[in-house]
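Participant: Provided herewith is a single structure, encoded as structure tokens, for subsequent inquiry.
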Amino acid sequence: MEAKIGITSTHLDSVAHSLNKIFADEFVLYTKTPKAHWCVTGADFHSKHLFFESKYQQLKDIIDDGAERIRTLGHFPTASLKEFLQFTHLTEQGIEGTNRMSFIKASLEDHESILINIRENINPYANEMRDAGTSDYITGLLETREKMAWMLRAHLE
């Protein structure tokens with residue numbers, strides 16, 4: 001059933017397609033993060049193990065919210081690994097070894113890449129596609145992502 005929420009079907013299609021790209025990025029990052037949780041080693045193993053676990057739990061919630069936003073618009077979220085890899089702009093490439101700094105640096109690069117992509121969509125959603133709700137949603141996602149990036153960056157200083 002079509003969502004009749006005051007946004008044209010053309011704009012709903014465009015927003016949903018764009019959100020599916022962001023959604024794919026989030027899922028790919030979510031898939032990469034447990035490796036750091038499972039494989040990190042070093043003197044501060046326990047704290048980094050818990051840190052990475054908290055990150056992938058947070059990403060799981062972001063993914064669920066993203067899927068629900070896409071459904072709110074009357075569309076279906078990307079839901080296969082093939083589609084995630086097709087839509088994402090992140091690389092699937094993993095980090096070799098168990099070095100916590102390598103995991104943190106790679107994760108930060110992905111977070112910042114997602115941040116830039118999200119920021120570029122805030123105004124088009126609101127102004128061009130007349131979807132203030134999605135613009136507001138990704139503004140909140142941007143703020144969450146900025147805090148996550150800050151926490152990763154703090155580990156590298």
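The values are calculated or read from the model by the stated rules, or taken from the named source; none is laboratory data. Given the structure is predicted, the values throughout are model-derived calculations rather than measurements. Here the Cβ positions follow ideal geometry from the backbone for every residue, glycine too, while neighbour counts run over all protein chains shown.
Participant: Filter the range 62-86 for residues that are without any contact (Cβ under 8 Å) to a residue 24 or more places away in the chain and farther than 17 Å from Thr134 by Cα and give the result.
Facilitator: Ala79, Ser80, Leu81, Lys82
Participant: Report the residue count in the range 8-19 for those that are touching a Ser or Thr at 6+ places or on another chain (Cβ under 9 Å) and among the β-branched types (Val, Ile, Thr).
Facilitator: Residues flagged as touching a Ser or Thr at 6+ places or on another chain (Cβ under 9 Å) and among the β-branched types (Val, Ile, Thr) within the range 8-19 amount to 1.
Participant: What tally of residues in the range 29-41 results from selecting those that are assigned to a helix (DSSP H, G or I) and buried (at least 16 other Cβ atoms within 10 Å of the Cβ)? Steps first, answer last, please.
Facilitator: Taking the range 29-41 first, the residues assigned to a helix (DSSP H, G or I) are 29-39.
From what's left, buried (at least 16 other Cβ atoms within 10 Å of the Cβ): 29-33, 35-37, 39.
So the answer is 9.
Participant: Return the only residue of Lys32, Lys60 being closer than 20 Å to Ser113 by Cβ and in contact with a Gly (Cβ under 7 Å, 6 or more places away or on another chain).
Facilitator: Numbers: Lys60 fails: in contact with a Gly (Cβ under 7 Å, 6 or more places away or on another chain).
After ruling out the rest, the residue left standing is Lys32.
Participant: Within the range 75-95, can one find any residue that is in contact with a Cys (Cβ under 9 Å, 6 or more places away or on another chain), at pLDDT below 85 and surrounded by 12 or more Cβ atoms within 10 Å (Cβ to Cβ)? Even if it seems obvious, please write down each step before you answer.
Facilitator: Start the filter on the range 75-95 by keeping residues that are in contact with a Cys (Cβ under 9 Å, 6 or more places away or on another chain), which leaves 95.
Of the ones still in play, those that are also at pLDDT below 85 are 95.
Then keep just the ones that are surrounded by 12 or more Cβ atoms within 10 Å (Cβ to Cβ); that gives 95.
Checked against the condition, which is being in contact with a Cys (Cβ under 9 Å, 6 or more places away or on another chain), at pLDDT below 85 and surrounded by 12 or more Cβ atoms within 10 Å (Cβ to Cβ), the range 75-95 yields at least one hit.
Participant: Look at Asn121 and say whether it is within 30 Å of Thr10 (Cα to Cα), without any contact (Cβ under 8 Å) to a residue 24 or more places away in the chain and not aromatic (Phe, Trp, Tyr).
Facilitator: Values: within 30 Å of Thr10 (Cα to Cα): yes; without any contact (Cβ under 8 Å) to a residue 24 or more places away in the chain: no; not aromatic (Phe, Trp, Tyr): yes.
So Asn121 does not fit the description; no.
Participant: Going residue by residue through the range 100-113, is there one that turns out to be over 19 Å from Ala154 (Cβ atoms) and either in contact with a Phe, Trp or Tyr (Cβ under 9 Å, 6 or more places away or on another chain) or modelled with pLDDT under 95 (or both)?
Facilitator: Let us first name the residues in the range 100-113 that are over 19 Å from Ala154 (Cβ atoms), namely none.
There is no residue in the range 100-113 that is over 19 Å from Ala154 (Cβ atoms) and either in contact with a Phe, Trp or Tyr (Cβ under 9 Å, 6 or more places away or on another chain) or modelled with pLDDT under 95 (or both).
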